[in-house]
Amino acid sequence: MRMIVRWFGKGNDTIELDHIKQIPGVEGVAWALHDVPAGEEWPEEKILEVKKEVENYGLNIDVVESVNIHEDIKLGLPSREKYINNYIKTIENLAKAGVKVICYNFMPVFDWTRTELFKGMEDGSTALFFENEKIKESDPVELVEMISNNSSFTMPGWEPERLEHLSKLFEQYKQVTEEDLWSNLQYFLERVIPVAKENNIKMAIHPDDPPWSVFGLPRIITNRENIQRFLKLVDDPYNGLTLCSGSLGANPNNDITNMVREFSARIHFAHIRNVKTYDNGDFIETSHRTKDGSVDINNIVKAYHDTGFSGYVRPDHGRHIWGENSRPGYGLYDRALGIMYLWGLWDSFDRFKKESQ
């Protein structure tokens, strides 16, 4: 596996590239141009600025996370043609800089959804938390205000230019069923996958987080059956997955270990993190250690090892520990601990395999 860390860019992240470089086994960053609105073309000169800055530290920019998809594409509006054309131009510009994988999602309005950004845990750390009943009783506007008021950084998936039209978006999505969303996703894929293939960039869709409907909005990348359906929409190796154990793991019915084995050839990027789930539908993010949550991280990493996975991996969200002040879920310390736990598992599987030969 090829270990990378998500980095939000100079001036938009508490984490420095020279600190990322010091984490053993890390070779690159998952990055994005967070100042470019969804639907706009990413300028080649800005891409090359990031490339130069990151490569100065001996790291790569192979994985972009994310090139966000404009809501008009998800809604299937006539204006989607403009935004799909911009997306295609962005793919071409990223290819010129040597990018290999684009992570994206197809979640309406919201990307990830949480009800608390700094939920206190017994050990004194804090973590992202989802309270099921609170979501059912909340107004989406209240959630937006909570997310927006709790961070001085840009929040991926919660960009102001998208959320300022929240009421209009919810009105538009009242007419959109899950089948409509599937159709709109297929239309998008049929346009962009041939371009991605021509430019040797693998597209990797991220599962819905959490993997069920929120505020009545349709969500479709939620389980094994839907992932199977997704991969068949455009059955091409360049149409693949960002398999996120935390997102899918919020639903205890999802067998992520078996998903890794079944979809291994189409997993281009892996997010490996743990969550602790509760019977009432609540969940909280934990350390990456298997016993600290409800997701079998040990067997998931073993499945990647057994299938010879050589793609990109990142530790995904971490807790906030040791008094670190950071973007919610994206401090340095716990993610670095997570990386070393994942490497420990991987190295153990490596050694066992060699000794048993």
Would you please give the FRET efficiency between Ser294 and Glu81, computed as 1/(1 + (r/R0)^6) with r the Cβ-Cβ distance and R0 = 30 Å, to the nearest 0.05? 0.10
I'd like the distance separating the alpha-carbon centroids of the stretch 1-31 and the stretch 288-357, in whole Å. 16 Å
Straight-line reach from Lys82: which lysines fall under 29 Å, measuring Cα to Cα and dropping same-chain residues less than 8 apart? Lys46, Lys51, Lys74, Lys96, Lys100, Lys168, Lys174, Lys197, Lys202, Lys232
Go ahead and set up a Gaussian network model of the chain, Cα springs under 10 Å, then flag whichever of Asn280, Asn132, Asn12 fluctuates most. Asn280
Summed residue charge, Cβ within 13 Å of His268's Cβ, Lys/Arg positive, Asp/Glu negative: +3
Measuring from centroid to centroid over Cα atoms, what is the spacing of the stretch 180-242 and the stretch 67-121 in Å? 11 Å
Once normalised by the length of the stretch 227-357, the mean sequence separation of its alpha carbon contacts under 8 Å that are 6 or more apart gives a contact order in percent of 20 percent
Would you compute, from DSSP H runs of 4+ residues alone, the mean residue ellipticity of the chain at 222 nm, taking -39500 (n - 2.57) per run and dividing by the full residue count, rounded to the nearest 500? -12000 deg cm²/dmol
Relative contact order computed over the chain (Cα-Cα under 8 Å; 6+ residues apart), in percent: 17 percent
How much length would be gained if the chain were fully extended between Ala97 and Trp322, taking 0.36 nm per residue of separation minus their Cα-Cα distance, in nm to one decimal? 77.3 nm
Mean separation of Cα contacts under 8 Å, 6 or more apart, over the residue count of the stretch 33-111: relative contact order %: 40 percent
At what distance in nm do the modelled label points of Glu41 and Asn199 sit from each other, each positioned 7 Å from its Cα along Cα→Cβ? 1.1 nm
What ranking do 179-189, 110-120, 345-355 get when scored by the average of other Cβ atoms within 10 Å per residue, highest first? 110-120, 179-189, 345-355
Run down the lysines and flag those whose C-alpha is under 28 Å from the C-alpha of Lys354, throwing out any fewer than 8 positions away in its chain. Lys291, Lys302
Which net charge results when you count Lys and Arg as +1 and Asp and Glu as -1 among the other residues whose beta-carbon is under 14 Å from that of Gly329? -1
Net charge around Leu143, counting only other residues with Cβ within less than 13 Å of its Cβ (Lys, Arg = +1; Asp, Glu = -1)? -4
Fraction of beta bridges assigned by DSSP in the chain that are antiparallel (%, nearest 5): 25 percent
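Read the figures in this text as sums done on the coordinates, not as results from a lab. This structure is a prediction, so every number in the text was calculated from the model and none was measured. Heads up, the Cβs are rebuilt from the backbone with ideal geometry, glycines too, and the neighbour counts pull from every protein chain shown.
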